[in-house]
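The values are calculated or read from the model by the stated rules, or taken from the named source; none is laboratory data. Only a predicted model underlies this, so the values are computations on that prediction, with no experimental measurement involved. A quick note on method: Cβ atoms are made from the backbone with ideal geometry, for glycine too, and the neighbour counts reach across all protein chains shown. These accessible areas exclude ligands, DNA and RNA; they are computed on the full protein's heavy atoms, side chains included. Shrake-Rupley method; radii C 1.70, N 1.55, O 1.52, S 1.80 Å.
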Amino acid sequence: MDFSSQGSINEEVICRICQQLLTEPMSLHCGHNFCQLCIAANESESFFGGQCRCPVCQSTYDPWHLMPNKELDNIVKKIREVNMWSHQQQRSDLCEQHGLYEQHGLCEQHGLCEQQGLCEQHGENCHLFCKEDGKAICSHCVQEHPGHQISLLEEVVKECQEKLQVAVDRLMKEEQEAERLEAVINEERDTWKNRMQTERERILEGFEEMRDVLDKEEKRELQKLDDNEVHVLDNLAVAKDQVVQQRQYTRELISDLQRHMCESSMDKLQDMINAIRRSEIWTLKKPKIVSKKLSTFRFPDLNGMLQVFKELAEVQSYWGKKLQVLQIIMF
């Protein structure tokens with residue numbers, strides 16, 4: 001609560017630095033009074049040449065000549081008691097205009113009642129912050145936090161906001177870097193997909209060419225086999241005809257000899273002699289037999305060829321990398 005705006009409270013009990021009720025008030029020679037912590041903080045900021053200046057009238061004073069104002073401290077304690085009683089009384093009532101919840105101090109429209117920033121123990125605005133305990137406190141609560149780092153709540157909020165801004169700036173840079181890396185990865189992915197597709201097409205084309213070559217070679221070898229078959233069968237047919245003819249002649253010669261064996265007349269003697277002569281000079285002529293050796297097709301050792309091809313590819317890759325390293329060193 002900003003007490004400087006309330007006409008019912010004398011300005012003498014308000015610290016002109018923190019605009020709150022005085023806590024352990026200290027008096028200057030100029031007559032102005034300040035909280036002990038507030039004037040001590042002012043000394044560290046305005047100290048020059050062994051003297052300090054009053055935040056109100058700018059008159060100089062010696063830091064070691066500050067005097068505690070016990071009378072004003074008692075007045076402030078009475079005012080705190082009144083504020084505390086008023087605060088408790090207000091907490092027990094409902095907000096007539098908006099329906100304040102008694103247990104939580106919440107207003108349906110405003111969310112928080114205007115007394116929420118008051119210290120429940122001392123009835124004073126919680127304008128300070130204890131960093132060790134992580135809670136907002138009033139000036140009177142400072143005595144309950146000995147040795148703790150106490151700062152103005154506004155300064156703590158400002159410090160947190162600055163830290164939040166720093167965190168936001170850093171995370172925005174991280175987000176931009178992540179976005180850049182994502183773009184790089186997407187580009188690399190597209191590059192690899194194109195390279196893979198190109199290699200896939202090259203492999204398919206290569207094997208298609210090999211299949212064409214194998215198909216042509218298959219047809220050529222089968223045609224050779226067909227031609228060879230026709231030639232062999234033709235020769236065998238001629239040989240068969242020759243053997244059949246000689247067999248027929250031999251059969252006729254045997255029949256003629258057997259017929260003359262049954263004859264005994266002298267007038268058939270010459271025919272016998274002629275038949276004997278024909279049988280003596282007759283010799284079976286064996287036909288030219290086709291060689292049984294068939295010229296077989298030798299299939300290429302594809303596994304061996306692939307192994308050789310793989311070894312050559314590995315050698316090519318090895319020397320390709322060596323060449324790249326050499327080019328990098330030279331340039």
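Quick look at the values:
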| quantity | calculated |
| --- | --- |
| Those lysines that a straight Cα-Cα span of less than 18 Å connects to residue 224, excepting residues fewer than 8 apart in one chain | 216, 292, 293 |
| Relative contact order (%) - region 9-84, alpha-carbon pairs under 8 angstrom, separation at least six | 31 |
| Estimated vicinal HN-Hα couplings, Hz - region 267-281 in sequence order (Karplus 6.51, -1.76, 1.60; Gly, Pro = x) | 6, 9, 5, 5, 5, 5, 5, 5, 5, 5, 4, 5, 5, 6, 8 |
| Accessible area expressed per residue, region 9-84, with surrounding protein chains retained (probe 1.4 Å, Å²) | 57 |
| Simple Cβ-charge dipole of region 9-84, Lys/Arg +1 and Asp/Glu -1, about Cα centre, in debye nearest 20 | 100 |
| Extension reserve of the residue 193-residue 162 stretch, reckoned as 0.36 nm per residue once the Cα distance is removed | 6.6 nm |
| Prolate/oblate/rounded call for region 9-84, Cα gyration tensor, a/c under 1.5 rounded | prolate |
| Heavy-atom accessible area order for 250, 283, 23, 60, largest first, 1.4 Å probe | 283, 60, 250, 23 |
| Accessible heavy-atom area order of 140, 260, highest first, probe of 1.4 Å | 140, 260 |
| Charge dipole (region 9-84, unit charges on Cβ, about Cα centre) - positive-most of 37, 68, 82 | 82 |
| Shape category assigned to region 221-317 from the gyration tensor of Cα positions, a/c cut at 1.5 | prolate |
| Carbon + sulfur, % of accessible area of region 9-84 - ligands and nucleic acids excluded, 1.4 Å | 53 |
